[in-house]
Each structure stands twice: as C-alpha cells, then as structure tokens.
1. Test of understanding: ordering A:Glu299, B:Glu5 by Cβ neighbours within 10 Å, fewest first, what list do you get?
2. Counting only other chains, what is the mean number of Cβ atoms within 10 angstrom of the Cβ of each residue in peptide B:132-145?
3. If each label sits 7 angstrom from Cα along the C-beta direction, how far apart, in nm, is B:Thr262 from its counterparts in the other copies?
4. Along the charge dipole of region B:46-292, pointing to its positive end and built from +1/-1 on Cβ of Lys, Arg, Asp and Glu, which listed residue (B:Phe292, B:Thr166, B:Ala281) has its Cα farthest out?
5. Going toward the positive end of the dipole of region B:363-409, with +1 on Lys and Arg Cβ and -1 on Asp and Glu Cβ, which of B:His397, B:Val381, B:Pro364 do you reach last?
6. For chain A, with only Lys/Arg (+1) and Asp/Glu (-1) charged at the beta-carbon, what is the dipole magnitude about the Cα centre, in debye rounded to 20?
7. Among the GluC sites (Glu not before Pro) within region A:139-218, which fall in a DSSP loop and have no more than 12 other Cβ atoms within 10 Å of their own Cβ?
8. Amide H of B:Arg334 versus every other amide H placed in the peptide plane: which residues, excluding those fewer than 5 positions away on the same chain, fall under 5 Å?
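Readers should treat all values here as calculations from the given coordinates under stated rules, not as data from a laboratory. In this text, all values refer to a predicted model and were calculated from it rather than measured experimentally. No Cβ is skipped: glycine too gets one built from the backbone with ideal geometry, and neighbour counts run over all protein chains shown.
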Protein chains: 2
Amino acid sequence: MTTREECLELDSIDPIASLRSEFSLADGELYLDGNSLGPISKSARAAVDRVLGEWQGELIRSWNLFGWMDTPLKLGDRIAPFIGAKAGEIVVADTLTFAIAKLTLAALEQRPDRHVILTDEMNFHTDIYILDAVANYAGRPITVKTINRNELAQHLNEEVALVEFTHVDFRTGEALDLAGITRQVHDAGALMLWDFAHTTGAMPVDVTAANVDFAAGCGYKYLNGGPGSPAYMYVRTDWQDKVNNPLPGWLGHARPFDFEITYEATKGIRKFVTSSPSILALAALDGALEVFEKTTMTEVRKKSLALTDLFIELVEERLPGQFNVVTPRDHAKRGSQVALAHPEAYGIVQALIKRGVTGDFRAPDIARFGFTPLYLRYVDVYDSVEHLVQVMENSEHQADEFKVRNAVT
Amino acid sequence: MTTREECLELDSIDPIASLRSEFSLADGELYLDGNSLGPISKSARAAVDRVLGEWQGELIRSWNLFGWMDTPLKLGDRIAPFIGAKAGEIVVADTLTFAIAKLTLAALEQRPDRHVILTDEMNFHTDIYILDAVANYAGRPITVKTINRNELAQHLNEEVALVEFTHVDFRTGEALDLAGITRQVHDAGALMLWDFAHTTGAMPVDVTAANVDFAAGCGYKYLNGGPGSPAYMYVRTDWQDKVNNPLPGWLGHARPFDFEITYEATKGIRKFVTSSPSILALAALDGALEVFEKTTMTEVRKKSLALTDLFIELVEERLPGQFNVVTPRDHAKRGSQVALAHPEAYGIVQALIKRGVTGDFRAPDIARFGFTPLYLRYVDVYDSVEHLVQVMENSEHQADEFKVRNAVT
C-alpha cells in the first residue's frame, strides 16, 4: 500500500509540481472539485485586473485599442490544442447550453431528410433539456431519443440526423471512445456533436484525427476560468462555410458597423459569435489558460491518471468493500475524476467538506472527486483518503445535520 | 447663449453632482459615450474584487455561501424600479440578443393562431437578425415585417402575434410612446416586447402602468455594468405561469440538483435562467447598480433633459445650420442622447475623439452623443461643444487619417 511518505516522494519528483504555486489555494484546502469549479489562478486575477484597468482608462475605445472584439477567437485558438483543433476552429462565447443549442440547430439543417437526435440517457440533464427544446424549433418534426449509449449501434439508422454525447460521463467519469463513436455515427450518415465539459483541460483528445463535426465545452471546470465562465464552440473547418449560426447577432455579421438590416454572416468561426460577450469573464479565462502554457496536455494526462489510480488504490485498500468504484479502471476509459457509489454518498460528501475535503454529490448515490494535476499533490490524495477513512470510522456522515439535502455541493 | 461660467454655476447647484466621484474618470475625459459603454464605478470594481475573493477563498462552496445562485434574481429586483417593474419580474442573464430570442419564442407560443411579428425598420440591426432567425424556429411559418413605426396602426391586424420595438431609437435618440403603443398593440390582440437597451438607467418608464408583456435590456450602457455585461429579461407577473423558457437549462429546473432527465420549470421568473451566468460579470453590474441607489430616476431624468437641452442649444447657437439635430426637441420623445446628422459625421467623431471628446458614429451620417447624468457635468457639455466648434473651424474632420472608416467607435 502506498504510504504518505511515498506520496511526498512522488510530489518531489513531479515535473509539474511547481504549477500549484500559480494558484492561491489555502494550505489546508483539499480541493477535489476542480471538475465543478476550478480555482482562481494568479494569472486569472491579473487578467481581470488588467481588463478593469483598460475599461477604466480607455472606456469604449478599449474595444479597438485592446482587441476586445477578437477575444472570443483568440481564446478559441488557445483552447484549440487541448482538443486537437486547428486555429480558427473554436470561438469562446455564451454558455455551454446555448453552444449546444446553436450547434444542434446548425447540424439539423445539414441533414434535412433526417429527423432523429440520439443522446445519452446518462447525459448531463441540461444537455437533454436543450436538445428536447430545440427539437421543437427545428422547423420540422424532430424526435430526441435518450438511449443507452452502449446500444448506439442498434439506434443508428438513416433517420438519425445527429448524435450528441458528453465525452466524459459527469457522474461516473467514464471517457467514451471519441474516434470510434464518431466513425460509427458518420458511417450511418449522421453528424456528431460532442460535449467536452469534463474533457477540456482534463485529458487530451484529437477532434481532427477523429473527424469530429462539432463540439462544445465550458470554461469553469478544468480550464479554471471562474464561476459561470463562458463556453466554447468547435466547428470543423470544412463545415464553417456550410453551417449557419441559428441564433445570429451583429458581432457575427460581415460588416457589423454598417448596421444593415439584413443579416449576412462573416466568414469562418466568428459568425458563431452572436452579441457582446462579457469581457471580464473572457479575461478571467484568458488568464487561467496561461497556466496551461507552462505544461502540456500529455504531462497533465500522465499525472491525472497517476492521481486517480492512487485514489482508487487507497480507497480499495483502506476501505475494502465499502464503496463501489464506478469509474473505469481502464485508463483509456477514464476521465479525470473518480466516482464512488454509496447509499449514504450525500452525507459522506458533506462530512468530508466539513473536514476541508471538497468533492461533490451527484444524485442518487455518487460521491464525486475531481483530480486536477495543475494544483493537486499526491499527498493531497493520501490525506483526502485519510479523512474519508475517519469519516467512515466515526460515522460522521450519519450526523443529523446531513439528513436533509440542500443546494449545490 | 449659455456661457461656460453659467455651466459651472449649474454644476455647483446640481443635486447629484457628487455622484461623479463614484466613478474613476480622468479629468480631461469628456465622455459622451456612456450610451455605448458606461464607465467603471468604484463600487463595480469593489464588487468584482469581492467575488474574486469569494472564488479564491471558498471555491465551489461560494455558490451556497455567497448566494451566487440567486444573483440573477437579486440584480433583477435592483433593476425593477428603473422600469416600474415589481420584485420577481426581472432576471439578469445571457445577452440581450438571447433575451429577445427567448421572449420572442415564448410570446409566439401564446398567440398560436397568429403568424406575424412586426418590428421597426430603424431598429438596432441585431434585433431584426434575431427576430428573422427565430421566425425560422417557431414551429410554424412566421413572417417578420420591418415597418415604419409611425405606420404601426395600418399593420396591426388579427395576424399579428407580437410587436417588438426598441423604446429609444439607437440612432436618433427618439423615445417612443411606451403606454400608447403597448395599448394599441393590445387592442389588436397582439403582445408587446420592448427592447430597453437605451432606456434602462437613462430615463424612467413604467411597464406596470403601461401593462407591458415582455421587455429586455442590457447592462453595459447606462447601467455601467462593464463591457459585455449581461442582459435582463422582464416578464409581467401574470405571464409567468403561462409562458415557457424556450431555451431551458438546469438552473431553471424545479429541482436542479435532482438531475432529472425531464425538464420541469421552476415557478416564477427564475425559469428564464438557463445555465450558469458569469458571476464576475454579474458582480460588476451589481456594484454598478449601487451608484443608482444614491439618487432616483426622477433626478437622473431631470438632469438628462437639462444636459441634452444645453447641448442642442449650444450646437445650434455656435454652429448654426451646420448640423441637423435629429433628436426630438419634445422632452416626452427624447431619450438621453443627442444625434447630429452630418455627411462628414464619421470624421467629425474621430476628430473629437482625438481631442478627448468621445462620442460615436452610427452609419450612415450620425454623430451620436450620450448624456449620462451620474458623471457628466454641465461644463463638460460646454467644453465638448467648444471642441466641436474648433473641429469644424479647423476642418480637422477632413484629415486624411479619417478618410477610411474602421471598427468600433
């Protein structure tokens, strides 16, 4: 069994250990919830301060002077390498839900003879809500089928226009087969839209190699862009001339300052910008992305797998039989989180939070722990499991105060 | 003719003169573009700093600890008195374009036997783009007619489902008859959606007295919420149980943390929240709104009319016959800006910017100047006109550098 000393040793030889100092985490903070909201980095704070200063000093003139108008594209290009996209294929704007709404309507228009959207019954619920909603607005009858993703093959046929899956399951942390599923969908003549909420910044993927059509992700999880940080949209280059932004606005117009009453989309990914994004929100994300430039997604992935391996090993050895580890052991199928199923998961998560170990609960029975290599140490994993052992030994999770579930965490 | 000394005298007796110190405007800054991007206030900066600290210190736990989840409603309630709305009728989220998209689709669903949307051919272009776009997604054929707003009566009939007008014309600054038009639209059995982009924070209106159905406005103009500050949506109380959010998300669900795969809207205005708004962006707006609590919209309006009267008077007396003042003289029909038409308006605006007087150009021939009583002084109006006189006398606007139009201002 790995000892605390061995964890300290692993930290001492960790090539990206120093990146923790880019963040402002309190010493006692055992933060295993970067998959829900990443922490603030010093560069994110500096970028927000910079934009506040630009706004103060140059007011409206800042849009030109500091290139605010291009920020959605500039940030897109910085995110591109994380998912194997090319420059000019990603734009940052809006929320993930709107990104999925836009890309879904855009995709449906490209398959006018088909009328089915397939999605995962275990998908994050808001994905399903927005697919159901836009199905009403597609201009023709569309059926959204929520399926068992492992039975995709039997649902794929000439009726299917689009498949929308989340690449890493938000509950279990299972990473799906990006290339294999995309190929399978294409073989059936359908288009593929991936939700990378739990992928981007957590593990490398290659949308170009997998020939992904469309994707979207969010800025506030592994990218550490701050609460409610904007989303991004990926549209493969060869689609960009063909697809329309179904919810267009003046910032995606070919000549936005000519104030023409007829919409004419500009070229490229910029047409997916609808209206003014929050420049403060973009700044925080901009600064947050700087941290990633001091490492590579390969390094990040290597440490992520080591951290999740370690957590699984320690939980199983120190708490044998008490939790069902629902996250796949197979590295190829694992995101950057570990999910432990337990009927008392809610109380367990709350008792851990009280001890300074922040994970989160996902109904009905999942204690979810995110492992983010930029700032987590091996010894943090060890100490978190030690707290978990004590919670269970002392039955702290059965305290009255945790009997009623409330709000977010 | 009003003299500079008289302007200084007016400033000395201005009851809200001290509010200028809430902002961080440079001394030489003659900022007549608060109708495009309001300046940063000290309280906006403080609010952003506060949220950065919350994020740093409490991470994901902040959503509960600091009430982040309720910020969209809390800010809505702070904006409510500016437009005569009641508590619980406004939510802040998304961009103005999305707000109009949502409210338009919601409204169309309430008039299923009608198929026409009327809008103003002089409307801000992005309003027309998004109306045209959502008309494709309404689930039935919808026609968007861009009309001369003065001919509304002849277009209103039993085919019209919705009328969408911007209350204050972004070019001319003309304020439309809110109550009269709303009544006219209702008399024809149609619904009314007002865009208050150039109204909110600039002049008081009373949506309750006018029985307005839906409205939307933006945070970055007269509310001073910062670049790309979120928008707001107003839904009259008695509509809230009937209308649906057409682009729903988990934050509008009755039980967001039960992760149900079927959407069930929560009660009230909160259902119009789709997904996580940028808490940083909301914070800036929150802080910006604090300034308004030191005055009333009645005071703001009184000074706004005095400032615009003064500007018109000085331009006409000092530059007789050179500009066509397209903004109405009638106070009841005036927003908080003055638009001067001139064939060389672009160069004039650029030459003024070079002199430290920031207004903006709106194609094809409008030099637009916003007058925002929270921080503008009477003497600023005087000095701005003095610069304009010198620009025209020296033909500075005809300089080669202003021959080619570029980008934003």
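1. With the sparsest Cβ surroundings first, the list reads B:Glu5, A:Glu299.
2. Details: counts 4, 9, 3, 1, 7, 9, 3, 7, 1, 1, 0, 0, 0, 0.
What the average comes to for B:132-145 is 3.
3. 4.6
4. It is B:Ala281, whose Cα lies furthest towards the positive end.
5. Positive-end residue among those listed: B:Pro364.
6. Values: 39 positive and 57 negative charges, 179 e Å.
Computed about the Cα centre, the dipole is about 860 debye.
7. Numbers: sites: A:Glu151, A:Glu158, A:Glu159, A:Glu164, A:Glu174; in loops: A:Glu158, A:Glu159.
Loop-located and lightly packed - A:Glu158.
8. B:Ala175
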